[in-house]
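Heads up: the structure comes next, in structure tokens.
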């Protein structure tokens, strides 16, 4: 126990176990804790943990020479340990970089409606990171154009990328269309999100192209990154594909018999993204409780099925600072995935107005509201609260849906308020717009809604959710109070971290500088943790990192 009047600079070490001696070359050792900063920042060089017998305190040395104690020069210091270089590229699981051909174990999440834009994916790839295009909520034709743009930029360079495959219970045929597109365009990585069960589409994508190589090992062509927040869903993706889904795919000519056979010997996904308290669809689980649970499940399933390759488990949600990135890697994350913070990047598909709102968000400026894509199921999404009324209004609409069986039952004053404040038009006009949209996309829904008043009410209410997610993309200033911006608390943490730095102005927040500073900071904080485990007294300032312009 260190008394309250003991400073870090005069902290004595009661016992010393040395492994040799160290003598400086050009750089003198440092024994004052307040001067450790420059030494700790140089994570790409080995650092020696030293002991000063006269002052009986610990210090650090760079470079120099290590000697056996018996032959050390008189000026040498007792050596307590040496920590090798630490590169940001070494954080996470090295097999992630090897498998996916990237420099860093860092992913840019597939933010829906093209917020995870082609520009963002391309720039992440050029940084040596993996980006997923946000295909959810976009028509297939738009996805095809954006994927073509990404391929044109990255395929000639041999750089990796992916795209989103979102579970679409309202439009089951849409999943198949997207998978058809990805297979035809040779998109080798998909981020499978919002799945509550396995579907034929995701199984088909994972199994297509499975082969045995010359050594008999199963090789996969397509990689599924399953985003999960519950053990029961993780279990599905970490298990082999069930025969009940494979057999119909073979019968339909969508898989070969060999592909189906091999699919029963490997997991559907070898990359699992554990999503904690995040923007959009989330169960608000804390990462430090959820992640170890999924790791334990992974170990059980690997042992049960005898997989020859390990399943990588990465972390997402609440990652908004280098400290949180370092903590995720310390938990055992093979990779990290960023979402909310990337929405504020210059390259994201969000409008300038939306990015300005995000730049003002604090840690508590988020809330849960009804999810438009799973409205009737009562599913919630996390959205930005500050500067917008969308979250409150979304919950009001869901409350009305649960209380009434039709719009005719809604009291006239309430209906009038809806038309004036939320929809800004009569509900009849909303239905006409909705009806026209459904007639083009899902005509059977028109008939169902006109026969079922409650379903019609849901469809009218869902108009607001669809439009509120479109307005922040368009930068519709007249509708800024209705912006639906999916956002988690990581955004507030990020804003606090970059305060008074070059990344504070929204126009400076390029994806390159955000990502590189996250990884550089995580490496430096990890180095501080390493040295503290050796007993080196470190002031709190060494567990923080201020962003600076980087090109590494």
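Quick rundown of the values:
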item: Answer from 453, 443 - the residue that is at pLDDT 95 or above, surrounded by fewer than 16 Cβ atoms within 10 Å (Cβ to Cβ) and over 30 Å from the mean Cα position of the chain (by Cα); result: 453
item: Selected residue [surrounded by fewer than 16 Cβ atoms within 10 Å (Cβ to Cβ), closer than 30 Å to residue 471 by Cβ and in contact with a helix residue (DSSP H, G or I) (Cβ under 8 Å, 6 or more places away or on another chain)] from 179, 147, 211, 140; result: 140
item: Filtered residue count, the range 229-242, keeping only those that are in contact with a strand residue (DSSP E or B) (Cβ under 6 Å, 6 or more places away or on another chain) and within 26 Å of residue 186 (Cα to Cα); result: 2
item: Answer from 437, 401 - the residue that is at pLDDT 95 or above and either crowded, with 21+ Cβ neighbours inside 10 Å or outside the structural domain of residue 343 (by TED's automatic domain parsing) (or both); result: 401
item: Identity of the residue in the range 84-98, touching a residue at least 60 places away in the same chain (Cβ under 8 Å) and surrounded by 18 or more Cβ atoms within 10 Å (Cβ to Cβ), that ends up farthest from residue 146 (Cα to Cα); result: 86
item: Residue match in the range 500-510 (condition: over 24 Å from residue 58 (Cα atoms) and buried (at least 21 other Cβ atoms within 10 Å of the Cβ)); result: yes
item: Members of the range 411-428 that are free of Cβ contacts under 8 Å to residues at least 24 places away in the same chain, part of a helix (DSSP H, G or I) and in contact with a helix residue (DSSP H, G or I) (Cβ under 8 Å, 6 or more places away or on another chain); result: 414, 415, 418, 419
item: Qualifying residue in the range 103-110 (condition: part of a loop (DSSP other than H, G, I, E, B), surrounded by 20 or more Cβ atoms within 10 Å (Cβ to Cβ) and at pLDDT below 95); result: yes
item: Those residues of the range 156-192 which are modelled with pLDDT of 95 or more and within 17 Å of the chain's Cα centre (by Cα), in sequence order; result: 160, 161, 162, 163, 164, 165, 189, 190, 191, 192
item: Tally of residues being touching a strand residue (DSSP E or B) at 6+ places or on another chain (Cβ under 7 Å) and surrounded by fewer than 14 Cβ atoms within 10 Å (Cβ to Cβ) across the range 525-552; result: 1
item: The listed residue being without any contact (Cβ under 8 Å) to a residue 12 or more places away in the chain and either part of a loop (DSSP other than H, G, I, E, B) or more than 18 Å from residue 485 (Cβ to Cβ) (or both), out of 373, 399, 408; result: 399
item: Single match in 117, 160, 201, 168 (criterion: touching a residue at least 12 places away in the same chain (Cβ under 8 Å) and touching a strand residue (DSSP E or B) at 6+ places or on another chain (Cβ under 6 Å)); result: 160
item: Residue count, the range 220-229 (criterion: assigned to a loop (DSSP other than H, G, I, E, B) and within 16 Å of the chain's Cα centre (by Cα)); result: 1
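The values are calculated or read from the model by the stated rules, or taken from the named source; none is laboratory data. These numbers were taken from a predicted model, which means no experiment stands behind them. Ideal geometry is used to build each Cβ from the backbone, glycine not excepted, and the neighbour counts take in all protein chains shown.
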